[in-house]
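Structure first, then comments.
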Number of protein chains: 2
Amino acid sequence: MDDMDEVKIIEIKKSVFADNEKDADALRDELKRKGVYLLNLMSAPGSGKTSTLIQLLNRIKDKVRVAVMEADIDSDVDAVKIKEKTGVPSIQLHTGGMCHLDAEMTRQGLDNLNLDEVDLVVLENVGNLVCPAEFDTGATCNAMILSVSEGDDKPLKYPLMFTVCDLVIINKMDVVPYFDFDLERCKKYIHLRNSQAQIIPISAKTGFGLDHLADWLLKQLP
Amino acid sequence: MDDMDEVKIIEIKKSVFADNEKDADALRDELKRKGVYLLNLMSAPGSGKTSTLIQLLNRIKDKVRVAVMEADIDSDVDAVKIKEKTGVPSIQLHTGGMCHLDAEMTRQGLDNLNLDEVDLVVLENVGNLVCPAEFDTGATCNAMILSVSEGDDKPLKYPLMFTVCDLVIINKMDVVPYFDFDLERCKKYIHLRNSQAQIIPISAKTGFGLDHLADWLLKQLP
């Protein structure tokens, strides 16, 4: 497990700032001045954030300078996997049990990247559909992955997450035949929460939809 | 949608008690004196808590007096579904955005049931693998559902949840052929967190393992 040693692990400290919204706006402005696009990627546990990222990074890494921050309560399996499968610089943020990241915690991660040398930073947030939606990380874009196996009713049950996301990626489209999942119904529920949300169905397993997702993301960059 | 009106919806208030552990122990003692077994059922979003409950309730409802409390951030689809599909008394707890339940919040729900007339109360907690694990609800037994589609590595990534659970139900066994999920590896990871954890694989869709789960639960009751 030599690769484990090569991934930098940052122990994230609890924020001391009281006004996260103000702090998040300041971080967003700072990133804009530096020409860095920060994508905050959220989802429930097991919806395929890391495997989607691997597919996505391999499609964009030659077109844009990208780095990844993997937030996890404890393990470092994700950052190791990203580095192994894509070669993209990846650091691990340990939240020490905390269920979300806010702007100050995101900044602690960004301090470990050289922002002059990246155009895009992807933050893989803690696997949780509740708390991460409540805290603005200062990201340029909020995105989330809903997987087919979780069910098409999730926008009804986790309203805030779907409200704050500019992009909803629907993953595991390859297993639609084995689940009671109606894509059109799901899209309708998502648009009830956020009529502007971009919805992109994919399969990180087969690669379906990944070119579309990569194109969409590249077009957002300044 | 007449059924919607028949389900009692309780708006849960934030707790004022500072010492949740003490409060949880007090609630557990009180329930023991009354002969009520409280099962706290946790999982990630979309792992199949409600469909598992429907299968389970239909197997035990003639053998034991049971009631259900469905905690959700917002919607009431689960309590309606439970009532329709099983006839078991079910109330909905609205957490108003809160990501977990603690003992006092659980008590607010129990106050709406007649505890003299039930042997078993199932609390379906908020879909979240992080926060609910941190708060003792006062339950007699903590159980969680991990679904095959979430991946067998979840005990590594959400350690506390697997540590606090006496029972881990592995759901969606019917889709094992379509996912990279190794049951033996998963069992090993679970037992790393909690060597005493009972592990029961099921499929809420096909009914596989549900008789075993029902038998196990009935044996726990006083």
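Report, to two decimal places, the Cα Rg of segment A:144-187 normalised by 2.2 N^0.38 Å (N = number of residues).
1.09
In Å, the Kirkwood hydrodynamic radius of the protein assembly as shown over pairs of distinct alpha carbons? Write out the running numbers ahead of the final one.
Values: mean 1/r = 0.0446 Å⁻¹.
About 22.4 Å for the protein assembly as shown.
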Projected area averaged over orientations for chain B, convex hull of C-alpha atoms, nm²
11.7
Tell me the total accessible area that A and B bury against each other, 1.4 angstrom probe, in square angstrom rounded to 100.
2500
If each DSSP helix of 4+ residues adds -39,500 (n - 2.57) and the sum is divided by the residues in the protein assembly as shown, what number results at 222 nm, nearest 500 deg cm²/dmol?
-10500 deg cm²/dmol
Which whole number of Å³ per residue matches the convex hull of the alpha-carbon atoms in segment A:25-79?
106
Mind checking which aspartates and glutamates have their C-alpha under 16 Å from A:Lys34, skipping anything on the same chain fewer than 8 residues away?
A:Asp25, A:Asp111, A:Asp116, A:Glu117, A:Asp119
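Could you compute the FRET efficiency for B:Arg33 and B:Thr206, with r as their C-beta to C-beta distance and R0 at 41 Å, rounded to 0.05?
0.55
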Could you give, in nm with one decimal, how far B:Gln196 is from each other copy of that position, shortest first, with labels 7 Å out from Cα toward Cβ?
5.2
Axis proximity, chain B to A: residue whose C-beta lies nearest, plus whole-Å distance:
B:Ser149, 2
Rounded to two decimals, what is Rg over Rh for segment A:166-222 when you use alpha-carbon atoms and the Kirkwood radius?
1.00
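Roughly how many debye, to the nearest 20, is the charge dipole of segment B:16-98 about its Cα centre, given +1 on each Lys and Arg Cβ, -1 on each Asp and Glu Cβ, and no other charges?
On the way: 13 positive and 13 negative charges, 124 e Å.
Roughly 600 debye for segment B:16-98.
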Tell me the per residue accessible area of segment A:1-138 using a 1.4 Å probe; a whole number in Å² is fine.
42
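What is chain B's relative contact order, in percent, from Cα pairs under 8 angstrom and six or more apart in sequence? Intermediate results must be reported in sequence, preceding the final value.
Numbers: 436 pairs, mean separation 56.4, N = 222.
Reported relative contact order: 25 percent.
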7 Å along Cα→Cβ, label-point gaps from B:Asn114 to other copies, nm, shortest first:
7.3
Inter-copy spacing of B:Ile9 label points, which lie 7 Å from Cα along Cα→Cβ, given in nm from shortest upward
4.5
Show which lysines lie in cross-link reach of A:Lys187 when reach means a straight Cα distance below 16 angstrom and same-chain residues fewer than eight apart are skipped.
A:Lys154, A:Lys157, A:Lys172
Which residues of segment A:97-122 show a drop of at least 20 Å² in accessible area when all protein chains are present, compared with their chain alone (probe radius 1.4 Å, heavy atoms only, ligands and nucleic acids excluded)?
A:Gly97, A:Cys99
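The values are calculated or read from the model by the stated rules, or taken from the named source; none is laboratory data. Just so it is clear, the model here is predicted, and its values are computed rather than measured. Backbone-built Cβ (ideal geometry, glycine too); neighbour counts: all protein chains shown. Remember, those area values only see protein heavy atoms, side chains included, never the ligands or the DNA or RNA. Shrake-Rupley method; radii C 1.70, N 1.55, O 1.52, S 1.80 Å.
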